[in-house]
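Novice: Provided herewith is a single structure, encoded as structure tokens, for subsequent inquiry.
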Amino acid sequence: MTVRLYQRDPYLFEFESRIEEKDGDWIRLDGTAFYPGGGGQAKDKGRINGQDVSDVEERDGHIWHLVPENRFKVGGMLWCSVDWDSRYDVMKGHTAEHMLFGALQRIEPRLQLIKIDIEAGMKRLTVTGPLTRDNVEEAEREVNRAISENLEVQRFEMDREEAEESGVRAKLERIQGDTLDVVEIGDFDSAACAGIHVMETGEIGALLVERMASAGGGSHNLDFLIGDAAVSKALQLSHVSLRAADMLGCPIDNVLPTISNLKKDVEDGSRNLRRLSGQVLDNIRPIVLKGVKVHAAIIPGIARKELIAKADEVREQGGVAILISINDRADFVISAAESTGWDCRSLVESFIKPRGGSGGGRKDFVQGGLPDPSEAEAVLRSILDAFQ
Ligand SMILES: [Zn+2]
């Protein structure tokens, strides 16, 4: 069995070790500080005798290191170093993950942990069960309080029976053997885990859940940051909130109710606009040009699909429709029954394209737009004049 130096001393990142066996480019050492991954915690990276370790793997209780194109000899001593920056980040993130899930499950006991992904640059918990933003915010506050209390993190072995009775968080069905490694974080959390953790919670610095997103099937991904990254993100979010308050012209505590009221106002406004536009469309009085009934109108803010529905109706009744909606540009829809002899495509070519617009379709129906909405009136007038 390879001696797991990372379990004796999680802070050891440089060590000397003897090579006991080779298998191609894979080497087995008598002891290693390289963590082979597991429990959602990423594998370590680093160097052995100056060469990159591109993979670490556990096989039958031994830990193997892949060092491409190495010329190491069995029995020789090697100088090894684990990439400390990323390992320390992962250790802190992993300890923070215990605390975050422990707090969440205390707040909502029906929550279950599905998956953990802790690597440098990405820290994610996937949980299933009922979860609200209030739950997450409360857990976040509790974890940060426990971080500032600098609780001691201890690891010890426990008998399986004792673990069952003590209520340590563990998936016992997945753990082999009569004993298990238990990680205790002060009186805050206690869970079975064979990963690597920091010694004191103060090392984590801070925790911030930056994203809570549905992962389908009633589960959620919680992405979190720790340390300086959490503080920077908190500052950025604070700046966004303060600017939002300035923009809304309300105190910061009123941002959410103000947005909620604005949203409702917009919904009411849109509903009224739709109703009024519908009335305007219904009330267009056709003008008769050389025996053809032409329904022409410019209507601010109306949806294109409503113009299309009206244009279809006019065509079916044997007429011509020239309908224009004004937003940040002018959208037009033109239809003409075959019996009128009008060709909608020629209207686009003769009247709309010369004014910078575009559009296309069939002889009896075209749609398109004019980038400058102030041109709409002139376009409509020129079409009507041409058919006087
Ligand atoms: Zn752990």
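Values quoted throughout were computed directly from the atomic coordinates according to the rules given, and no laboratory measurement underlies them. Source: prediction; values computed, not measured. Neighbour counts run over all protein chains shown; Cβ positions are idealised from the backbone, glycine included.
Novice: Positive end of the dipole of the chain, charges at C-beta (+1 Lys, Arg; -1 Asp, Glu), about the Cα centre: which of 90, 182, 333 has its Cα farthest in that direction?
Specialist: Comparing the listed Cα positions along the dipole, 333 ranks first.
Novice: Give me the distance between the Cα centres of the stretch 106-134 and the stretch 256-326, rounded to whole Å.
Specialist: 48
Novice: Let me ask something else about it. Output the peptides 148-155, 347-354, 137-144 sorted from most to least packed, where packing is the average of other Cβ atoms within 10 Å over each peptide's residues.
Specialist: Per-residue Cβ counts within 10 Å, averaged per peptide and sorted highest first, yield 137-144, 347-354, 148-155.
Novice: Fewest Cβ neighbours within 10 Å first, please rank 232, 277 accordingly.
Specialist: Ranked by crowding around the Cβ, least crowded first: 232, 277.
Novice: Given Cα pairs under 8 Å that are at least 6 residues apart, what percent is the relative contact order of the chain?
Specialist: Computed value for the chain: 9 percent relative contact order.
Novice: Only bridges whose two residues both fall in the chain count here: according to DSSP, what percent of them are antiparallel, nearest 5?
Specialist: Once the DSSP bridges in the chain are tallied, antiparallel ones form about 90 percent.
Novice: For a footprinting-style exposure proxy, rank 95, 2 by other Cβ within 10 Å, fewest first.
Specialist: Starting with the residue having the fewest Cβ neighbours, the order is 2, 95.
Novice: What is the angle, in °, between the Cα long axis of helix 304-316 and the longest principal axis of the Cα atoms in the chain? Nearest 10 is fine, range 0 to 90.
Specialist: With both axes taken from Cα atoms, the answer is about 40 degrees.
Novice: Counting helices only, and only those DSSP H runs with n ≥ 4, report the 222 nm mean residue ellipticity of the chain as the sum of -39,500 (n - 2.57) divided by its residues, in deg cm²/dmol to the nearest 500.
Specialist: It comes out at -11000 deg cm²/dmol, rounded to the nearest 500.
Novice: Taking amide hydrogens as modeled 1.01 Å from N in the peptide plane, which residues meet the under 5 Å criterion relative to residue 198, leaving out close sequence neighbours?
Specialist: Answer set, sorted by chain and number: 95.
Novice: Can you run phi through the Karplus equation (6.51, -1.76, 1.60; θ = phi - 60°) for the stretch 184-190 and list ³J(HN,Hα) in whole Hz, with x for Gly and Pro?
Specialist: With coefficients 6.51, -1.76 and 1.60, one gets 10, 10, x, 9, 8, 7, 8 Hz.
Novice: Now, a different point. Note the angle between two axes, namely the Cα long axis of helix 84-107 and the longest principal axis of the Cα atoms of the chain, as a number of degrees from 0 to 90, rounded to the nearest 10.
Specialist: 70
Novice: Using Cα pairs closer than 8 Å and at least 6 residues apart in sequence, work out the relative contact order for the stretch 189-335, in percent.
Specialist: 12
Novice: Could you work out the mean projected area of the convex hull around the alpha carbons of the chain, in square nanometres to one decimal?
Specialist: Mean projected area for the chain: 30.0 nm², to one decimal.
Novice: To the nearest 20 Debye, how big is the dipole of the stretch 1-155 about its Cα centre, given +1 on the beta carbon of each Lys and Arg and -1 on that of each Asp and Glu?
Specialist: With Lys and Arg at +1 and Asp and Glu at -1, about 160 debye.
Novice: If you fit an axis through the alpha-carbon atoms of helix 376-386 and take the longest principal axis of the Cα set of the chain, what angle between them do you get, 0 to 90°, nearest 10?
Specialist: 30
Novice: Once you charge only the Cβ atoms, +1 for Lys and Arg and -1 for Asp and Glu, what is the size of the charge dipole of the stretch 87-145 about its Cα centre, to the nearest 20 debye?
Specialist: Approximately 120 debye in magnitude.
Novice: Please state the equivalent ellipsoid semi-axes for the stretch 265-388: what are the square roots of 5 times the Cα gyration tensor eigenvalues, largest first, in whole Å?
Specialist: 23, 17, 12
Novice: Would you calculate the separation in nanometres between label points at residue 79 and residue 236, each defined as 7 Å from the Cα along the Cα-to-beta-carbon direction?
Specialist: Distance between the two pseudo-spin positions: 3.9 nm.
Novice: While we're on this one: When only Cα pairs under 8 Å and 6 or more residues apart are kept, what is the percent relative contact order across the stretch 125-186?
Specialist: 41
Novice: Given a Förster distance of 25 Å, report the FRET efficiency between residue 132 and residue 268 from their Cβ-Cβ distance, rounded to the nearest 0.05.
Specialist: So the FRET efficiency works out to roughly 0.35.
Novice: Note the direction-averaged projected area, equal to a quarter of the hull surface, for the Cα convex hull of the stretch 129-262, in nm².
Specialist: Average of the hull's projected areas for the stretch 129-262 equals 10.9 nm².
Novice: Something else about it: Mind pulling up the Rg/Rh value for the stretch 67-160? Radius of gyration and Kirkwood radius, both on Cα.
Specialist: My calculation of the ratio gives 1.14.
Novice: Another question, if that's okay. For 79, 64, what's the fewest-to-most ordering of other Cβ within 10 Å of each Cβ?
Specialist: Least to most surrounded, the residues fall as 79, 64.
Novice: Treating cross-link reach as a plain straight distance, find the lysines whose alpha-carbon is under 21 Å from the alpha-carbon of residue 293, omitting any fewer than eight places away in the same chain.
Specialist: 310, 363
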